[in-house]
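The values are calculated or read from the model by the stated rules, or taken from the named source; none is laboratory data. Note that the structure is predicted; figures quoted are calculated from it, not measured. Because the Cβ atoms are built from the backbone with ideal geometry, glycine has one as well, and the counts that use them run over all protein chains shown. Keep in mind that these areas ignore ligands, DNA and RNA; they rest on the heavy atoms of the full protein, side chains included. Shrake-Rupley method; radii C 1.70, N 1.55, O 1.52, S 1.80 Å.
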Amino acid sequence: MKRIAAVLPLGAALLLASVPAGAQEKRALTALDLYHLDVASGVAVSPDGRRVAYVVTRADSAENRYKRDLWIAQADGSGARRLTWTESANLGDPAWAPDGRSLVFSSAREGGRPQLWVLPLAEGGEAWPLTDLKTGAANAAWSPGGDRIAFTSSLTPEELADSAAKRDSARVDAAAIRDIGRDRAAALAAIRAKLEQSARGDVRRVTRRNHLGETALAEERYAQLYVVEARPGAKPVRLTSNAYPTGAPSWSPDGRSLVYAATLPAEGRHPDYESDSDLFVIPAAGGTPRRIAEPRFTAGSPRWSADGRWIAYQRQPYDTLYRTAVNTELVVVRPDGTGMRSVTGPMDRGVGDFVAAGDGWLYFTVQSEGAVPLYRTRLDRVAPQRVVSGPRGVTSFDVSGGTVAWSQMHPQRPSDVYAARADGTRERRLTALNDSLLAGVYVGDYEELWYPSFDGRRIQGWFIRPMGHREGSRPPLAVEIHGGPHAMWGPGEASMWLEYQTLAGAGYTVFLSNPRGSGGYGAEWLQSIHRSWGTPPARDVLVGADSVLARGLADPQRQAVTGGSYAGYLTAWIIAKEAPERFDAAVAQRGVYDLGIWWGASNTYQLMQYEFAARPWEDPQIVREQSPITYVENVRTPLLMLHGEQDYRTTIAGADAMYRALKELEKPVEMVRYPREGHELTRSGEPAHRVDHMLRILEWFERHVR
């Protein structure tokens, strides 16, 4: 408990300083409530529609890690119970056997890489391991007959070569000798052995274009398809040997074939230089895959319809100027490659997850105006119908046996599992994951506002009134900005809920919005910030903050601004270029500050090429004009910079450059670096770091705004 004790005094002091007298009926939510929140995910409905399996995640303060376990609820709402007590950090992806008697899920119960486990429900008993591969196992899919399970496991090119050598070692050795000669081969082997011995395994040779992962150098691994009989002791059979990215499999209804997506490089090219994925169908017993090409699009996540007549999948255009600012479409095609058509193209919204249900309906989620609703459509061209609507977000879902079930985000209930009939009627809540916490804390409503921006375009935003708010009071304003740049915030977005409520509980009016470039408003809105990341969206945010002030909801003399990733960029842009005198405090989280450094030192360098239509040497002017560091001399606002030391997505090198420039100019700036953390610090970083992160934002605001 030492970690939690270290932050309690700061959290308590901030609360006592900011909660108005007389507002003590319910206490304020704080960053420490991260340890009290249960989050549901991985919803899976039994074949008869009567039971719902799901995963519950909680942050553990004593061990500073996450614990996940399987739960099961009756779909009629009559009760829920826990299925596993492993408290594994990476348990997930439950899937029902076709007969409903067992579940398969992934977990690293015994250390190492996650494996597949089967949990018998009809007979009872402990889960047993289905796989034991040193390369791990994921993406389990039951065959229609329930006798086999397809899955993926990722192998390096060396592991693929080793397996080929083991199958025919004499031929491989002979080929090596013919290529380089016996004496030279022996000499090269001795040199390599000497290098490995002297380096002691800590020297890394880099030859790839995409050599950076999220928190370390990226190991070159490619998923392979396997099939294993669903019985203890069965040996998996590998179907592919692809030295290029391969996606998760889906069974044909007759159990004879599997469909998957793969990025097959052109001859002589490394997979790092390819991004065009197509669909492939391979016999489940092994054999040569058949390619279903998708011209001018990249395809992914294919799933077979229950009648076998269609394959549904997601696609994005790859030959467009707006490569990263396009909607993901849901598409169907016949298994022979004919009849291809877009299901969601006319909706002009990006698709999230989808399920091809056994009754002929296709269910899918989209981002739309701050919410993530669930739709369904029939493959015979019935127009999409809303199944789950309202100001909330479906975070995972499944459909089977006439029942649809989902986990959801709602501002008043940040995570629970629900079920309904397949058409969405007779909705009921199956869980009460956070009721005990929510009964005793203040939770602010998200109040919607639409406002005209500087050029007349309508922008959607929300504000949250602070705890103890009284009419006529003027609390400080905290402006929150989303990243992406094509993300979407609103009542359906889950990851920021605790930060918003912590600020509201500390006495701030919180404002959030979806400026131009956000998802959920159509392709033209996504593309409206092409080559212009800074001024237009920044002005959308500032005009929205002015709208909140004009309603008398906050004090114009006490304003703070913060955001992460692209919003770290936009926070820096605002205080350096758009409004250097406006804010009393700013916190830039995990931001991009110099486009040139970002391109050269991050794993998302291609995003710059797509968003700005150039690499740094091709248009140095756009790099300079669109980098916040260019305007660093204008900064007047006290700035706190928060960054993970192993963040290879936006790269801490850019944060170091911005920090050094501000220090060189003797500007008011501090920087906090989080060891072991990548870009997902605020969503899946170490719990103690996430708590510290939220508290530092609040402390910085209190120091400079109050």
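Numbers at a glance
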| read-out | value |
| --- | --- |
| Scope the stretch 473-486; condition closer than 14 Å to Leu549 by Cβ and not hydrophobic (A, V, I, L, M, F, W, C); matching residues | Ser473, Arg474, Pro475, Pro476 |
| Residue check, Ser400 open to solvent by less than 70 Å² (accessible area, probe 1.4 Å) and over 23 Å from the mean Cα position of the chain (by Cα) | yes |
| Candidates Gln626, Gln589, filtered to the one that is more than 22 Å from Leu698 (Cα to Cα) and either surrounded by fewer than 19 Cβ atoms within 10 Å (Cβ to Cβ) or polar (S, T, N, Q) (or both) | Gln626 |
| Val541 in contact with a Lys or Arg (Cβ under 9 Å, 6 or more places away or on another chain), within 30 Å of Ala661 (Cα to Cα) and either open to solvent by less than 20 Å² (accessible area, probe 1.4 Å) or not in a strand (DSSP E or B) (or both) | no |
| Flag for Thr571 being open to solvent by less than 10 Å² (accessible area, probe 1.4 Å), part of a helix (DSSP H, G or I), closer than 20 Å to Trp489 by Cβ and of a type in the set (S, T, N, Q) | yes |
| Residue count for the stretch 282-294, restricted to those that are open to solvent by 80 Å² or more (accessible area, probe 1.4 Å) and outside any strand (DSSP E or B) | 2 |
| Residue ID - surrounded by the most Cβ atoms within 10 Å (Cβ to Cβ), chosen from residues in the stretch 482-517 that are aliphatic (A, V, I, L, M) and in a strand (DSSP E or B) | Val510 |
| Residue check, Pro475 in contact with a Phe, Trp or Tyr (Cβ under 7 Å, 6 or more places away or on another chain), open to solvent by 10 Å² or more (accessible area, probe 1.4 Å) and in contact (Cβ under 8 Å) with a residue 12 or more places away in the chain | yes |
| Any chance Gln609 is surrounded by fewer than 17 Cβ atoms within 10 Å (Cβ to Cβ), among the polar types (S, T, N, Q) and more than 20 Å from the chain's Cα centre (by Cα) | yes |
| The stretch 114-137, residues that are in contact (Cβ under 8 Å) with a residue 24 or more places away in the chain, part of a loop (DSSP other than H, G, I, E, B) and within 18 Å of Arg238 (Cα to Cα) | Pro114, Leu130, Thr131, Leu133, Thr135, Gly136, Ala137 |
| Residues of the stretch 266-280 classified as more than 28 Å from the chain's Cα centre (by Cα) and open to solvent by less than 30 Å² (accessible area, probe 1.4 Å), total | 0 |
| Residues being under 21 Å from Thr263 (Cβ atoms), touching a residue at least 60 places away in the same chain (Cβ under 8 Å), part of a loop (DSSP other than H, G, I, E, B) and out of contact with any helix residue (DSSP H, G or I) (no Cβ under 9 Å at 6 or more places or on another chain) - total across the stretch 206-239 | 4 |
| Count - residues of the stretch 301-319 that are open to solvent by 20 Å² or more (accessible area, probe 1.4 Å), closer than 23 Å to Leu379 by Cα and either within 24 Å of the chain's Cα centre (by Cα) or among the hydrophobic types (A, V, I, L, M, F, W, C) (or both) | 9 |
| Tally of residues being open to solvent by less than 30 Å² (accessible area, probe 1.4 Å) and outside any strand (DSSP E or B) across the stretch 451-467 | 3 |
| Test: residue in the stretch 138-147 that is part of a loop (DSSP other than H, G, I, E, B), loosely packed, with under 14 Cβ neighbours inside 10 Å and modelled with pLDDT under 95 | no |
| Subset tally (residues that are closer than 25 Å to Asp38 by Cα and free of Cβ contacts under 8 Å to residues at least 60 places away in the same chain) for the stretch 488-511 | 2 |
| Pro253 vs. criteria modelled with pLDDT of 95 or more and either within 21 Å of Glu219 (Cβ to Cβ) or surrounded by fewer than 19 Cβ atoms within 10 Å (Cβ to Cβ) (or both) | yes |
| So Glu670, is it acidic (Asp, Glu), open to solvent by 10 Å² or more (accessible area, probe 1.4 Å), closer than 29 Å to Asp33 by Cβ and assigned to a strand (DSSP E or B) | yes |
| Subset of the stretch 631-652 (residues that are in contact with a helix residue (DSSP H, G or I) (Cβ under 9 Å, 6 or more places away or on another chain) and open to solvent by 40 Å² or more (accessible area, probe 1.4 Å)) | Tyr631, Glu633, Asn634, Arg636, Glu645, Gln646, Tyr648 |
| Scope the stretch 629-655; condition more than 26 Å from the chain's Cα centre (by Cα) and over 26 Å from Arg706 (Cβ atoms); matching residues | Ile629, Thr630, Tyr631, Val632, Glu633 |
| Verdict on Ser436 being within 30 Å of Pro47 (Cβ to Cβ) and modelled with pLDDT of 95 or more | no |
| First in the stretch 297-312 and closer than 20 Å to Pro245 by Cβ, second anywhere and of a type in the set (D, E, K, R) and assigned to a loop (DSSP other than H, G, I, E, B), Cβ under 9 Å, 6 or more apart | Phe297/Asp276; Phe297/Asp319; Thr298/Asp276; Ala299/Asp276; Ile311/Arg334 |
| Only listed residue being of a type in the set (Ser, Thr, Tyr), at negative phi and open to solvent by less than 20 Å² (accessible area, probe 1.4 Å), chosen from Thr263, Thr215, Thr207 | Thr263 |
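Residues checked against (1) under 26 Å from Ala44 (Cα atoms); (2) assigned to a strand (DSSP E or B); (3) open to solvent by less than 20 Å² (accessible area, probe 1.4 Å); (4) out of contact with any Lys or Arg (no Cβ under 8 Å at 6 or more places or on another chain):
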position	(1), (2), (3), (4)
Leu330	yes, yes, yes, yes
Thr338	no, no, no, yes
Asp353	yes, yes, no, yes
Asp359	yes, no, no, yes
Phe364	yes, yes, yes, no
Tyr375	yes, yes, no, no
